[in-house]
Structure formats: structure tokens, C-alpha cells
Amino acid sequence: MATNQRSRTAILSGAKIVITEVGSYESNMNDIAARAEVSRATVYNHFSDKEEMMLSLLESEILRLIDLAKKAPSKRDALYALSVEISKDPALRKMVETDPLDIAKFVRVCDHPLWHVINEGLTSLFGESAGVVLHWLIGQIASPLTPPESAQQADQLVRAL
């Protein structure tokens, strides 16, 4: 089980590296397997196809961000941490550049189970203000903030909440 989880983690890490280099559209399972230092067969043992792997990567990133925010000592610090992580994420930066249609699909709030994960995580942190926080964060995917801008806007948003 531990080896299985290590392989899965390595594959998702490899996928993020490849996306950072070429975007999601141009990424392929061979390059991902090479970056993960696993065989292509191992990738397919974990994921039936690239779409399933990308959804798993997205879910792991969402859970990572929610966990990061939950560990923050205050709402302001949680907002700042989320803002900085989203704004500096190299895979998101590359996808905005190379895969704008995928980004447009991703930021459209819908009934997909991952949106429920995001909503639950943000609601546990920010209560009824979760929707405002979500929209603020979505805006940073296409228009990233600098750390000082993240700090300033986090301060303003926490006062408004």
C-alpha cells in the first residue's frame, strides 16, 4: 500500500512538472511517466487515462491548498497563503498561457464533485463568506497577484468579511 501511494504521488508530481513545461494539452503519459520515474504501465495501473489523472491532480492540489489554509493561524493568513500559492503556481501560469479553454472550463463553478470539495473547504474556513473568497481566488488564476498585493487584498478582504 505504501509503495502504491508513493507511485501515485510521484505520478501526480510528474504530471505537474510536465504541465509546467508544456501545458496540459501538450502533456502526455510517456513524459509524465518519465518525470515520475515509473513505467508507463504503472501510470495506467493508477489512472485509466490522462483525464482521470488530471482530475486526480486537480483534487490533490485542491486538498493541499485547503490543508494549507486550515493550518494558517488566522483567516487573514489563510487568505494570504491561498492567494500566494495560486498566484505563483507554475502549472497554472503555464496553463493560462497554453490552455486557456481548459482554464475557462476549470473556473466555471458547476455541480462537479470537486466544486463541492472546494466549497466545503472554504466554508469550513470562512463560513458564509466562502463564495466571496472563491471568486477572489478564481480571479487570481488569470491575473496573479504579487505577494505584497496578496497581503494588501487579504487584509482588505478579511476586514470586509
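The values are calculated or read from the model by the stated rules, or taken from the named source; none is laboratory data. Everything numeric here is computed off the predicted structure, so don't read it as measured data. In this analysis, Cβ positions are derived from the backbone assuming ideal geometry, glycine residues included, and neighbour counts consider all displayed protein chains.
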Got at least one residue in the stretch 119-142 being of a type in the set (Asp, Glu) and more than 15 Å from the chain's Cα centre (by Cα)? yes
If the requirement is being surrounded by fewer than 20 Cβ atoms within 10 Å (Cβ to Cβ), hydrophobic (A, V, I, L, M, F, W, C) and over 22 Å from PHE106 (Cβ atoms), which of these qualifies: ALA34, ALA81? ALA34
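Please go through the stretch 19-34 and give me each residue that is under 19 Å from ARG93 (Cα atoms) and either among the polar types (S, T, N, Q) or modelled with pLDDT of 90 or more (or both), ordered by number.
Selection gives ILE19, THR20, GLU21, VAL22, SER24, SER27, ASN28, ILE32.
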Failed condition for ALA41, given (1) over 20 Å from the mean Cα position of the chain (by Cα); (2) under 14 Å from SER13 (Cβ atoms); (3) among the aliphatic types (A, V, I, L, M): (2)
So the helices (runs of 4 or more DSSP H) completely within the stretch 11-101 holding 2 or more residues that are touching a residue at least 40 places away in the same chain (Cβ under 8 Å) and either of a type in the set (Phe, Trp, Tyr) or closer than 25 Å to ASN119 by Cα (or both) are 50-71, 75-88, 90-98
For the structure I just gave you, tell me whether TRP115 is surrounded by 14 or more Cβ atoms within 10 Å (Cβ to Cβ) and farther than 22 Å from ILE19 by Cα. no
Here is a check on your reading of the model: is LEU157 surrounded by 18 or more Cβ atoms within 10 Å (Cβ to Cβ) and not in a helix (DSSP H, G or I)? no
Any residue at all in the stretch 90-107 that's under 15 Å from the mean Cα position of the chain (by Cα) and hydroxyl-bearing (Ser, Thr, Tyr)? no
